[in-house]
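To start, the structure under review is shown below, and the notes come after it.
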Amino acid sequence: MTKNILILGAGFGGLQAATRLREELGDRCKITLIDKNDFFIIGFSKFDVMFGRRSVNAVKSYYRNIAAKGVDFVQDTIEQIDPVAKMVKTRTGSFGYDFLIVALGADMAPQSIPGFSEGGHEFYTLAGAEKLYPIITNFQSGTVLISIFGKPYKCPPAPYEGALQLHDFFTEKGVRDKVTLKMLIPSPTALPVAKNVSAELEKRMAQSNIELHKKQKVVEIKPGQKVAVTEGGARVNFDLFVGVPLHVPPQAVRESKLGNGGWIAVNPENLETKFENVYAVGDVNNIPVGDFAVPKAGTFAEAAADVVVDDIVNKLTGSTRPVRFGGKGTCYIEFGGGNVAALNADFLGAQEPNVGLDGPSVSLRADKARFESERIAKWFK
Ligand SMILES: Cc1cc2nc3c(=O)[nH]c(=O)nc-3n(C[C@H](O)[C@H](O)[C@H](O)COP(=O)(O)OP(=O)(O)OC[C@H]3O[C@@H](n4cnc5c(N)ncnc54)[C@H](O)[C@@H]3O)c2cc1C
């Protein structure tokens, strides 16, 4: 009998799951993929928009062009997930399933920091990145304050990539000597999970004259006074504030028995939740690793989707493929000056996460471009 596979969220995890399930199972399943948007963008292309390298339209891939034939794409907002009744409610309908893959990513909660929505900017959403381009283009002098409010947040190196690219941007504009670039971060190092990568990033930031103030958690923005207030009560002046919004699980997840108010807990081997045949992949789940967790990044969401597909194929066909999420992935980091580094992470292969770095070098830029083009090619026509 044809099985109903319902995928919530068409980002890295959802697109990879839909594409591979169709390849592997052909007509043996009906695949429905739901997303509130009509387009996908690769996370790091927000930098291209922020720095004016590509237009908003150029970074969008439309779901009407999904490559896998026979995937029913539905544009709708998911409002309720009931894993007991095996039912998902959207704004305009409801969907049952035999297998459910939740790949809804993370929501931003800018309102959690008083004054941030009114007095700050961000590049974690496409709209935020688009809004920043004219602002930084017209910025002639003063202090740009970049801050991470707390974890978890997507792509942990991204705020530092933003700062290093701002250095390049203002240098090319000829105003760098009149701009102070300053970062306030809550952690004791740039990337606590990877001392070697942290050291490289911090070295490059120092070379680029970007101030890095550690263990400084911003808890409030005072837009009228252009002041950021830290947990310790320090007041830091800025002319332009750019923050990484706090991330929260999507509302439909928080309010369901899957999330119970938080991120979704899964079996780290096959990403199944406590409900049989219900899986959670990517940013929406939480996989603890000692004092850390598998990071929220597209590369891990995609790898997780592959594991879930293998698990479902085993269940439906009786095959015995090995199923084990390794927490492995490669992210590309902008190091400034046209240099890119490849961060190779292995989070579940040993007792401790293992993170290595290739580069930075100009030649790795081609690998980063390929990372994007290969994914767009396999997911879209
Ligand atoms: C500036 C920046 C740079 C980054 N760089 C990298 C990088 O170099 N490498 C890397 O691996 N990762 C990078 N990331 C992170 C990466 O984009 C995310 O971690 C990745 O997209 C997560 O994949 P996902 O499938 O879990 O969720 P997403 O890709 O976020 O997909 C979730 C989908 O669910 C949909 N959705 C959410 N709620 C609802 C709802 N209620 N109803 C319907 N649809 C809904 C959303 O519209 C979205 O399409 C970066 C992120 C940013 C912001």
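Annotations for the structure displayed:
- Think of each Lys and Arg Cβ as +1 and each Asp and Glu Cβ as -1; about the Cα centre, that makes the dipole of the chain roughly 380 debye.
- Placing +1 on the Cβ of every Lys and Arg and -1 on the Cβ of every Asp and Glu, with nothing else charged, gives segment 109-246 a dipole about its Cα centre of roughly 300 debye.
- Sites Lys381 and Lys214 - FRET efficiency at Förster radius 45 Å, r taken between beta-carbons, to 0.05: 0.45
- Shape call, segment 14-133: gyration tensor on alpha carbons, a/c limit 1.5: oblate
- Note on the chain: with a GNM built from Cα contacts shorter than 10 Å, the maximum mean-square fluctuation among Gly174, Gly282, Gly262 falls on Gly174.
- Straightening the chain between Ala127 and Ser112 buys 3.5 nm, computed as 0.36 nm per residue apart minus the Cα-Cα spacing.
- Segment 109-246 shape via C-alpha gyration tensor axes, a/c threshold 1.5: rounded
- Between Ile287, Leu126, Ile185, the Cα set farthest toward the positive side of the dipole of the chain (charges on each charged residue's Cβ, about the Cα centre) is that of Leu126.
- With helices as the sole contributors, the chain gives -8500 deg cm²/dmol at 222 nm; each DSSP H run of n ≥ 4 counts as -39500 (n - 2.57), and the sum is divided by every residue.
- Once the Cα atoms are used to define both axes, helix 195-207 deviates from the longest principal axis of the chain by about 40 degrees.
- The Asp168 and Lys69 beta-carbon pair, evaluated with R₀ = 56 Å, returns a calculated FRET efficiency of approximately 0.85.
- 12 Å beta-carbon shell around Lys381, net charge (K/R +1, D/E -1): +3
- Of the trypsin sites (Lys or Arg not before Pro) in segment 283-332, the ones in a loop by DSSP (not H, G, I, E or B) with at most 14 other beta carbons within 10 Å are Arg324.
- Between the Cα long axis of helix 158-173 and the first principal axis of the chain there is an angle of about 50°, rounded to the nearest 10.
- In a fully extended conformation the segment linking Thr92 and Asn260 would gain 58.1 nm over its present Cα-Cα distance, using 0.36 nm per residue.
- Over the chain, Cα pairs under 8 Å with separation of 6+ residues give a relative contact order of 19 percent.
- Anisotropy class of the chain from Cα gyration tensor, a/c 1.5 cut: prolate
- Tilt relative to the chain, helix 126-138 - C-alpha long axis, 0 to 90 degrees, to 10: 20 degrees
- 11 Å reach of a label modelled at Thr143, 7 Å along Cα-to-Cβ, counting backbone N of segment 165-198: 180-184
- Basic side chains Lys and Arg get +1 at the Cβ, acidic Asp and Glu get -1 at the Cβ, and with that the dipole of segment 193-284 about its Cα centre reaches some 420 debye.
- When exposed loop sites are taken as GluC sites (Glu not before Pro) in a DSSP loop with at most 14 other Cβ atoms within 10 Å, the longest stretch of the chain clear of them is 1-230.
FYI, it's all coordinate maths here, none of it is from the lab. All values reported here derive from a predicted model rather than from experimental measurement. Note: ideal-geometry Cβ built from the backbone for every residue, glycine included; neighbour counts use all protein chains shown.
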